[in-house]
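Note sheet for the following structure.
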Amino acid sequence: MLKIEDINVYYGNIQALKGVTMDINEGEIVTLIGANGAGKSTLLKTISGLLKPKQGIVLFEGEPIGGKAAQSIVKMGISHVPEGRRVFANMTVAENLELGAYLRKDKNGIKKDIGKVYELFPRLLERIKQQAGTLSGGEQQMLAMGRALMAKPRLLLLDEPSMGLAPLLVKQIFNIIEEISEEGTTILLVEQNANLALSIADRAYVVETGRIVLSGKSEELTASEEIKQAYLGGH
Amino acid sequence: MELIQQLVNGVSLGSIYALIALGYTMVYGIVKLINFAHGDVFMVGSFVGFYAITVMDLSFIPALLLSMVTCAIFGVLIERIAYKPLRNATRIAALITAIGVSLLIENGLIYVRGAQPEAYPNNVLPMDKLDIFGVSISSQSILILSVSIILMIILQFVVHKTKIGKAMRAVSFDSEAAKLMGINVNNTISATFAIGSALAGAAGVIFGIYYIKIEPLMGVLPGLKAFVAAVLGGIGIIPGAMVGGLLLGIIEALVSAAGYSLWRDGVAFIVLIFILIFLPQGLFGKNRREKV
């Protein structure tokens, strides 16, 4: 579904991604794990068009999207839930969800999908008229995910959905991620909590200082001594 | 009674400031630029209205609409040509460019048509005096005020209920997140310039009808005062610009009423200084904490 070949991405003169190659198959949950500043978010931003790769190819369903404008990438079916949620704090929950469907014209479909989001996140329905800035961190995460789903993505990019949330909420969010996946949306998940990420992912890539240093099935990586030492707090 | 009449004058003048201030505040909200050429868009709007009425023989409403459309296009052109290439430059570079654009428009117009003033014909709107509780109010000021209020209501509707309005609010809050929604940020910025400039154009026509005399440098002082009004209400906040404009108009009128009409222009800037010292976020601004 998504194929990335040997991309280099720069912030000014600083190279953030060095020859990254990866692929995601339809229906999978793939996770990127790695330390702070390894380049995970950069990779997501490159896929969603916020950053342009200097070299290399990004293919989505066979079509090159590297360097395309973010809005055309959204239109093709990739939604990105950014790190820190980035909900529109000055707008209501309902308005945030409407903005998620900005490019869609099917009014009835939008209405139906808003209903679906409220089914998935009943908490949002209770807060429908509230300004997004007044929501708790967990609710904002739900809103950010609901907003992204409103674009009807086939590939959903999630950046640190567990950041700053209480363990119980994290569990809830991850259950919902699995639910979204079961409904047929492919997911690329960036997560610092590697244990958790590997527990729901099919495959994983380990990112270190802008490079993919390891990849494989989640079970294999969970079992690997190297990964245990570096990322799973193993002894 | 004198006082009430001055208040009516103040509200009329204030509604003109408010219309101009809206453009300042909307543009600031979305690109964080004080568009110092905005007062000159107001001036151009006034001239377009003048020629529409005198040369094309249009009546008030068509002239107003023509001026608004012309200014909308003009505003978008300014943005595309002068500001867009500087989107990622420092803010001071954009600010200096705005001042340059302002000088270019003023002197460009003087070059094309000369610096001589023009006078709006005084029969554009009916000139009846209405007697309300012993206060005589010209029907003109009521019409002008109504037009301003209608425009502001339309603006509120556009910003809150339409798709482009929601996109504008999204981009001004977080342009990167807006991109992720599929919003075309460049088009949204252009739309903001178009709407703000159209309001300035309307203000220009209203100004001409109310004060008769127009000239190529007429945008400088009202532009600066509208900027003060926008800061007074809280820069970037739309209702703030409306209230700030009206308030500034009333303050000026009261200063005149108190017999200090020579101080009228100075007072606006004294207000600016006090606001910046004591309430830098403006009347409607919230003290937003910077996220670390």
A:Gly184 is checked against (1) in contact with a strand residue (DSSP E or B) (Cβ under 7 Å, 6 or more places away or on another chain); (2) in contact (Cβ under 8 Å) with a residue 12 or more places away in the chain and fails just one. What number does that condition carry?
(1)
Any idea which of B:Ile96, B:Ile142 is at pLDDT 95 or above and more than 14 Å from every other protein chain (Cβ to nearest Cβ)?
B:Ile96
Just to be sure before I move on: is A:Ile212 surrounded by 14 or more Cβ atoms within 10 Å (Cβ to Cβ) and under 26 Å from A:Lys3 (Cβ atoms) in the structure I sent?
yes
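If we scan region A:135-145, do we find a residue that is free of Cβ contacts under 8 Å to residues at least 24 places away in the same chain and either of a type in the set (Ser, Thr, Tyr) or in contact with a Cys (Cβ under 6 Å, 6 or more places away or on another chain) (or both)? Spell out the reasoning first.
Taking region A:135-145 as the starting set, the residues that turn out to be free of Cβ contacts under 8 Å to residues at least 24 places away in the same chain are A:136, A:139.
Right, trim to either of a type in the set (Ser, Thr, Tyr) or in contact with a Cys (Cβ under 6 Å, 6 or more places away or on another chain) (or both) and you get A:136.
For region A:135-145, residues free of Cβ contacts under 8 Å to residues at least 24 places away in the same chain and either of a type in the set (Ser, Thr, Tyr) or in contact with a Cys (Cβ under 6 Å, 6 or more places away or on another chain) (or both): present.
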Residue selected from region A:64-77 under the condition under 18 Å from B:Val185 (Cα atoms) and outside any helix (DSSP H, G or I), by the criterion farthest from the other protein chains (Cβ to nearest Cβ):
A:Gly67
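Among the residues of region B:168-188, which ones are more than 7 Å from chain A (Cβ to nearest Cβ) and closer than 16 Å to B:Gly236 by Cα?
Kept after step one, since they are more than 7 Å from chain A (Cβ to nearest Cβ), are these residues of region B:168-188: B:168, B:171-172, B:175, B:178, B:185-188.
Those that are more than 7 Å from chain A (Cβ to nearest Cβ) and closer than 16 Å to B:Gly236 by Cα: B:Met168, B:Val171, B:Ser172, B:Ser175, B:Thr188.
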State whether the residues of region A:14-31 include one that is within 16 Å of the chain's Cα centre (by Cα), under 24 Å from A:Glu139 (Cα atoms) and within 14 Å of chain B (Cβ to nearest Cβ).
no
Does A:Leu103 satisfy the condition of being modelled with pLDDT of 95 or more and within 11 Å of A:Val81 (Cβ to Cβ)?
no
Determine if region A:43-51 includes at least one residue that is touching a residue at least 60 places away in the same chain (Cβ under 8 Å), under 27 Å from A:Glu178 (Cβ atoms) and more than 14 Å from chain B (Cβ to nearest Cβ).
yes
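State whether one or more residues within region B:91-106 are under 24 Å from B:Ser190 (Cα atoms) and of a type in the set (D, E, K, R).
Going residue by residue through region B:91-106, those that are under 24 Å from B:Ser190 (Cα atoms) are B:91-106.
Pick out the ones that are also of a type in the set (D, E, K, R) and you get B:91, B:106.
Yes, some residue in region B:91-106 is under 24 Å from B:Ser190 (Cα atoms) and of a type in the set (D, E, K, R).
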Within region A:99-113, the count of residues that are within 11 Å of chain B (Cβ to nearest Cβ) and part of a loop (DSSP other than H, G, I, E, B) comes to 5
Mind counting the residues in region A:53-63 that are free of Cβ contacts under 8 Å to residues at least 24 places away in the same chain and either within 19 Å of the chain's Cα centre (by Cα) or at the interface with chain B (Cβ under 7 Å from one of its Cβ atoms) (or both)?
0
Considering residues of region B:1-29 that are surrounded by fewer than 23 Cβ atoms within 10 Å (Cβ to Cβ) and of a type in the set (Val, Ile, Thr) only, the residue modelled with the highest pLDDT:
B:Val11
Hits in region B:52-94 (condition: closer than 15 Å to B:Ile206 by Cα and buried (at least 17 other Cβ atoms within 10 Å of the Cβ)):
B:Ala52, B:Ile53, B:Leu58, B:Phe60, B:Ala63, B:Leu64, B:Leu65, B:Leu66, B:Ser67, B:Met68, B:Cys71
Show the residue pairs that are 6+ apart or on different chains and have beta-carbon atoms under 8 Å apart, the first residue being within region A:79-98 and more than 7 Å from chain B (Cβ to nearest Cβ), the second being outside any loop (DSSP other than H, G, I, E, B) and of a type in the set (Asp, Glu).
A:Val81/A:Asp159; A:Glu83/A:Asp159
Do we have B:Ile4 as under 15 Å from B:Val205 (Cβ atoms) and of a type outside the set (Lys, Arg) here?
no
Please work out which residue is surrounded by the fewest Cβ atoms within 10 Å (Cβ to Cβ), limiting yourself to region B:220-270 and to residues that are over 18 Å from B:Ile34 (Cα atoms) and of a type in the set (Phe, Trp, Tyr).
B:Tyr260
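A quick yes/no check of all residues on (1) of a type in the set (S, T, N, Q); (2) out of contact with any Leu (no Cβ under 8 Å at 6 or more places or on another chain); (3) under 26 Å from A:Gly62 (Cα atoms); (4) surrounded by fewer than 24 Cβ atoms within 10 Å (Cβ to Cβ):
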{"position": "A:Pro82", "(1), (2), (3), (4)": "no, no, yes, yes"}
{"position": "A:Leu103", "(1), (2), (3), (4)": "no, yes, yes, yes"}
{"position": "A:Gln130", "(1), (2), (3), (4)": "yes, yes, no, yes"}
{"position": "A:Leu168", "(1), (2), (3), (4)": "no, yes, no, yes"}
{"position": "A:Phe174", "(1), (2), (3), (4)": "no, no, no, yes"}
{"position": "A:Thr186", "(1), (2), (3), (4)": "yes, no, yes, yes"}
Does B:Pro216 fit the bill of being part of a loop (DSSP other than H, G, I, E, B), of a type outside the set (S, T, N, Q) and touching a residue at least 12 places away in the same chain (Cβ under 8 Å)?
yes
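I want to confirm something. Restricting to region A:66-78 and keeping residues that are of a type in the set (A, V, I, L, M) and surrounded by 21 or more Cβ atoms within 10 Å (Cβ to Cβ), which single residue is nearest to the chain's Cα centre (by Cα)?
Taking region A:66-78 as the starting set, the residues that turn out to be of a type in the set (A, V, I, L, M) are A:69-70, A:73-74, A:76, A:78.
Then drop every residue that is not surrounded by 21 or more Cβ atoms within 10 Å (Cβ to Cβ), which leaves A:70, A:73-74, A:78.
On the way: A:Ala70: 15, A:Ile73: 14, A:Val74: 13, A:Ile78: 10 Å.
Ranking the qualifying residues of region A:66-78, first place goes to A:Ile78.
The values are calculated or read from the model by the stated rules, or taken from the named source; none is laboratory data. Since the model is a prediction, treat every value here as computed from it, not as a measurement. So basically every Cβ, Gly included, is an ideal-geometry build from the backbone, and we count neighbours across all protein chains shown.
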